[in-house]
Amino acid sequence: MEALDALLNRVSLSRLVEPAPDAAQREVLFRAALRAPDHGYLRPWRFLTIEGEARNRLGELFAEAVKARDPQAPEAAVNKALGMPLRAPLLVAVIARLTAGHKVPESEQVLSAGCAAHGILLAAHAQGLGAIWRTGELSYDRHVARGLGLADNEQVVGFLYLGSVEGDRRSPPELAPADFVNAWG
């Protein structure tokens, strides 16, 4: 697939099934991530792959976080948290690893990790895989961060759900650049 095709036609796909990306596909995904803009060469990212039984353990961690936040949480909310990681055969937790006090502001380091996540999404699309970037309050929950083994200087940027596309691929909506671009001055 040509680069412009990937850039212009990538779309988030939430209906993902087995098989998960294989070893060769994963190598491409992570090589693409490592090409993210990186002011200062800090490499302010790392990734956790979550699959198989680990998806159930992540669901349990999500449910614990829901109950810790609200001991009276409805059963439906707890069950939803339990099932979240089961929506794809492979999840990748994208983690920003921040260096405090560096000339590169921490906000730029988080953006760099976000660009790494986008690289994975583009590489997934280019290989015919389905992917969606999911966040939400559990992505930013400290209980979840501790459960994933994150250090104090790390934060989850999001969870990338990856797999084979179930059904037809949808087309991205047509957006007019003129609606978003203005000349300054």
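Structure values in brief
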{"quantity": "Among the residues listed as Glu154, Glu137, the single one being acidic (Asp, Glu) and under 19 Å from Trp45 (Cβ atoms)", "calculated": "Glu154"}
{"quantity": "Matching residues, region 49-78, being under 17 Å from Gly163 (Cα atoms) and not in a helix (DSSP H, G or I)", "calculated": "Thr49, Ile50, Glu51, Gly52"}
{"quantity": "Residues of region 18-53 classified as within 27 Å of Gly147 (Cα to Cα) and touching an Asp or Glu at 6+ places or on another chain (Cβ under 8 Å), total", "calculated": "3"}
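So that you can scan it fast, the table gives a plain yes or no per residue for (1) open to solvent by 40 Å² or more (accessible area, probe 1.4 Å); (2) touching a residue at least 60 places away in the same chain (Cβ under 8 Å):
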site	(1), (2)
Leu90	no, yes
Pro105	yes, no
Leu122	no, yes
Leu129	no, yes
Gly136	no, no
Gly158	no, yes
Tyr161	no, yes
Ser164	no, yes
Leu175	yes, no
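The values are calculated or read from the model by the stated rules, or taken from the named source; none is laboratory data. The structure displayed is predicted, hence computed values, not measured ones. FYI the Cβ positions are ideal-geometry reconstructions off the backbone, even for glycines, and counts take in every protein chain you see. Heads up: the accessible areas ignore ligands, DNA and RNA and are worked out on the full protein's heavy atoms, side chains in. Shrake-Rupley method; radii C 1.70, N 1.55, O 1.52, S 1.80 Å.
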